[in-house]
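Read the figures in this text as sums done on the coordinates, not as results from a lab. All of these numbers come straight from a predicted model, not from anything done at the bench. We place every Cβ from the backbone using ideal geometry, glycine too, and count neighbours over all the protein chains shown.
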């Protein structure tokens, strides 16, 4: 199976399945000399891991990361960094009933037809469980970008099902299981999820993620644009069905006088472009939103077919997130971090010596 590596200079290759002994990734291209320890990676994994509230899957995985290579005496050596996360709470028998059938909306059908074989246990390679490795790799990029450029990345849930979550206070994001930046909405989200779990159904979500302190100049025209690579990365997250950068689809109804971010000697007046012009970063915050579809593994009985094409009905047992978007914020952050890390290294390699006359203050809104 190909398609398991991501990036050009900062490359992440993941491995493992939902119910295998372990999962992980190999990170290649990390600059040498970065101080790196498990403590730099584990906090992001703890934010993503299952079983942290009644609103997500009750699979109890500690998601303890092990660094197997690429670090010596607390510093990266420039060689591949192998990260391992062991699976410790599989219940594979829960999936025996769907071994010969296909879950509607799931990758079961396409995997079977493409490869002629599939691992039905939790979705195997198509499981969101695999995003743990992505988050671990993203934590390395987070530390290097922060130390090198002062870049920070943060995310939040901005909608759960049909409930909007207005931005009030970023400080609230880490104080509730929904990554909500609005404490007042949390009781409504809890009631919604409790009812949804009782019904056996699922819902989607919208996640907003932004990067601040991004240097000007990241991205390469025409087909390696920064925003194109961000969209590519976000669509690589399980269950993502839409990506917006900056104003996104709202730009359809905007006039050019509104959408074009005016520039003054003090900086940009707005950020409708989401921090990217012509595929190259402007130095403004990069703003991205993703749409996550409802979970496919649900307890509602639905019509389907078996591997022979005969009609049947499917109900998925086991432990699943009624909304995979609840734990998606750290994943979206990680993917944005990986894209920025890769492009930062590419920019440094080709254009590290470029200098221009002083212009608008990067990223500042006049």
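For residue 191 and residue 112, the FRET efficiency from 1/(1 + (r/R0)^6), where r spans their Cβ atoms and R0 equals 51 Å, is about 0.85. In terms of packing, defined here as the mean over residues of other Cβ atoms within 10 angstrom, the peptides 6-18, 242-254 line up highest first as 6-18, 242-254.
Here the peptides 280-287, 62-69 are ranked by packing, the mean other Cβ count within 10 Å, and the order with the highest first is 280-287, 62-69. Relative to the dominant Cα principal axis of the chain, helix 186-199 is inclined by about 30°. Between the C-alpha center of region 249-328 and that of region 98-161 there is a gap of 14 Å.
How high is the relative contact order of region 5-351? Use alpha-carbon pairs under 8 Å, at least six apart in sequence, and give a whole percent. In percent, rounded to a whole number, it is 22. For the chain, give me the percentage of DSSP beta bridges that are antiparallel, rounded to the nearest 5 percent. Looking only at bridges with both residues in the chain, the antiparallel portion is about 95 percent.
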